[in-house]
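Written out below as structure tokens is the structure these notes cover.
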Ligand SMILES: Cc1cc2nc3c(=O)[nH]c(=O)nc-3n(C[C@H](O)[C@H](O)[C@H](O)COP(=O)(O)OP(=O)(O)OC[C@H]3O[C@@H](n4cnc5c(N)ncnc54)[C@H](O)[C@@H]3O)c2cc1C
């Protein structure tokens, strides 16, 4: 059978699915995409992202390859630095406490730049993330934390471009089509069972790529695997990632893999809805805590807000917030740092209080012990090493000394009015546990053998992330393993 005779079904409509579909089509296969969501909610978690993508690069020349219309003026005023393969590998290893699968991570890292170039060939355009990943300091922008480019139009733009490319290239896309089981015999996977327009039908195929996301939108599975309390988390993205892809594969003997009790979770507006809202996108998140402090209902700090750049702490601090009384945290800032707050702090749908004195602020902060909060701030302010200069572009070492929980970078006293506080709870992004794949994104069974005809990519792949996550890696993982899965499913 040649690739042209092969029919590949891709389950999912987010970035991983569309990269798999485009790669399978480029390899010659006939491709059908099954998207569970209706058209208006297509694109999974991908549609909720900022489109920020982490990749290895060696300086401005590589950036120029991905952003050919970068102007000389932009280059002059910007220090893009470099983020080579070794740095990306080291970040993955460090934040996952050396648990991540070395073979999968090697692929993720070494294929990251070429895969973004391939996405460009499909029409995806990139721009520097000036607003969120670089601060102007002494007249120059300096990028920090290995995260430099985002897709034009953010997540919605990425989905739009990928879906348009798929349609252009003759890929059939069916919205409102929920795959719920794999057709399977001793020779392997032969297609999927789909529920569509009120009917269940069998769709035969030569290969199936599962790209249906994690199980974060399933409160029962969250509680079962992540633990008590996770039913109370808000879901940051799509309501459609309920673990179907993982379950379908486990049902035919696939191996589970990775950090099943772990997930990516962040500080998210306390009054955000149960699931993400595409009109608000990722703006319910509140990621500027490194410039202020976070206190719980007792008024006490409980994490080192400045332990590292935001990219390396935000994904694990959601769990710490969930563990606090009422799953509540207030982020507090004073006027010295208000200009550093990200755009997401200036939306209409924000739970914010403001006051000219700390006493008045405390009164306005719901569910917080006023006296405990005021005492905490006093101790905190006394402990700040104000002799060390503040610089948001580097880990500046401006810290507190002698507190039960010290802040080790970017410690500023909280003493200049007006004061602002933002109420956040835990928002879950995606789950870390999933399926075991090999280096061609083929799903393995519990005995370690390949399940013929079954591939997986994106959030439902296990083994990449444990405990924590370097910001911008989810999309890159979906693209890298999506492309590998699509090519393998097409038989090339
Ligand atoms: C608010 C937010 C902001 C984020 N920001 C970033 C960022 O800037 N950079 C980054 O790298 N990552 C970011 N992430 C993480 C990123 O969204 C994911 O890692 C990535 O989009 C996952 O891609 P995916 O294709 O695996 O899953 P998804 O994009 O979620 O796609 C899964 C698809 O499967 C479909 N589906 C589910 N079940 C079925 C079924 N039974 N049958 C058919 N289809 C099904 C869903 O409808 C969906 O289309 C963010 C996530 C959120 C929620």
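Laboratory data are not the source of any read-out in this text; all were calculated from the coordinates shown. Computed from a predicted structure; not experimentally measured. Cβ coordinates were reconstructed from backbone atoms using ideal geometry, including for glycine residues, and neighbour counts include every protein chain displayed.
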Compute the distance in nm between two label points, each set 7 Å from the Cα along the Cα-to-Cβ direction, one at residue 492 and one at residue 383. 5.8 nm
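Fewest to most neighbouring Cβ within 10 Å: what's the order for 256, 27, 121, 479? Before the final figure, lay out the partial values.
Working: 256 15, 27 20, 121 10, 479 31.
Exposure proxy ranking, most exposed first: 121, 256, 27, 479.
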Below 8 Å, C-alpha to C-alpha, sequence gap of six or more: please give me the relative contact order for the chain in percent. 24 percent
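Multiply the residue separation of residue 138 and residue 250 by 0.36 nm, subtract the distance between their alpha-carbon atoms, and state the gained length in nm to one decimal. Display every interim value, and only then the final one.
Values: separation 112, 0.36 × 112 = 40.32 nm, distance 5.47 nm.
Additional length available on full extension: 34.8 nm.
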The chain - share of DSSP beta bridges that are antiparallel (%, nearest 5): 70 percent
Using a Förster distance of 22 Å, the FRET efficiency for residue 279-residue 342 (Cβ separation, nearest 0.05): 0.75
Between residue 224 and residue 169, what is the label-point separation in nm under the 7 Å Cα-to-beta-carbon projection? 3.5 nm
Once label points are set 7 Å from the Cα along Cα→Cβ at both residue 232 and residue 357, what is their separation, rounded to one decimal in nm? 3.3 nm
Computed [θ] at 222 nm, helices only, for the chain once each DSSP H run of length n ≥ 4 contributes -39500 (n - 2.57): -7500 deg cm²/dmol
What is the order of 455, 298, 264, fewest Cβ neighbours within 10 Å to most? 298, 264, 455
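Rounded to the nearest 0.05, what FRET efficiency is calculated for residue 271 and residue 1 with R0 set to 51 Å and r the Cβ-Cβ distance? Before the final figure, lay out the partial values.
Values: r = 55 Å, r/R0 = 1.07.
The formula returns an efficiency of 0.40 here.
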Between residue 186 and residue 103, what's the calculated FRET efficiency when r is the beta-carbon distance and R0 is 25 Å? Round to 0.05. 0.35
Here the relative contact order (percent) of the range 267-427, from C-alpha pairs under 8 Å and at least 6 apart, is 36 percent
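Using the count of nearby Cβ atoms within 10 Å as a rough guide to exposure, how do 148, 408, 32, 446 rank from fewest to most?
Working: 148 29, 408 18, 32 21, 446 11.
Taking fewest neighbouring Cβ atoms as first place, the list is 446, 408, 32, 148.
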